[in-house]
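Remarks on the structure that follows.
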Amino acid sequence: MGQLLRITFENKDYTFKLRNALPADRIVNELAILLSGEEQVLIREGDTWQFKNSVDKDFNRLADAIGKAISLRFRI
């Protein structure tokens with residue numbers, strides 16, 4: 001998708017962009033994003049979002065905040 005989105009997390013600004021369109025049924029468990037110039041993959045596990053292949057709890061808290069912002073913005 002073309003729109004650049006922004007989130008402030010722990011007093012730091014992050015910009016991100018969705019890499020592919022959302023499916024028509026809006027059922028999404030994995031999202032590819034471009035986060036501050038780096039490609040990342042968000043995975044939904046229950047009610048939380050995490051970065052794929054990341055064990056860093058602080059980085060995954062950022063992933064959860066981004067995932068929830070996307071969920072609210074696009075109603076997924």
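What follows is calculated from the coordinates using simple rules that are stated; it is not laboratory data. Bear in mind that the values here come from a model prediction, so they are computed numbers and not experimental data. Don't worry about glycine lacking a Cβ; one is built from the backbone with ideal geometry, like all the others, and counts go over all protein chains shown.
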### Query
Along the range 32-40, what does the Karplus equation 6.51 cos²θ - 1.76 cosθ + 1.60 (θ = phi - 60°) give for ³J(HN,Hα), rounded to whole Hz, x for Gly and Pro?
9, 10, 10, 10, 6, x, 10, 6, 9
### Summary
For the range 50-67, Karplus-derived ³J(HN,Hα) couplings (6.51, -1.76, 1.60; θ = phi - 60°; whole Hz; x for glycine and proline) come out as 9, 7, 5, 6, 10, 10, 6, 5, 5, 5, 6, 5, 5, 4, 5, 5, 5, x
### Query
Long-range amide H contacts for Arg19: which residues qualify at under 5 Å (H placed 1.01 Å from N, peptide plane, sequence gap of 5 or more or a different chain)?
Ala32, Ile33, Leu34
#### Entry: Proxy reagent accessibility, fewest Cβ within 10 Å first, across Thr48, Thr8
Thr8, Thr48
### Task
Of all alpha-carbon pairs in the chain, indicate the percentage at a distance above 20 angstrom.
21 percent
## Note on the structure
Most exposed to least, judged by fewest other Cβ atoms within 10 Å, Val55, Val28 sort to Val55, Val28
### Summary
Scoring the range 4-74 by relative contact order with C-alpha pairs under 8 Å, at least six apart, yields a percentage of 20 percent
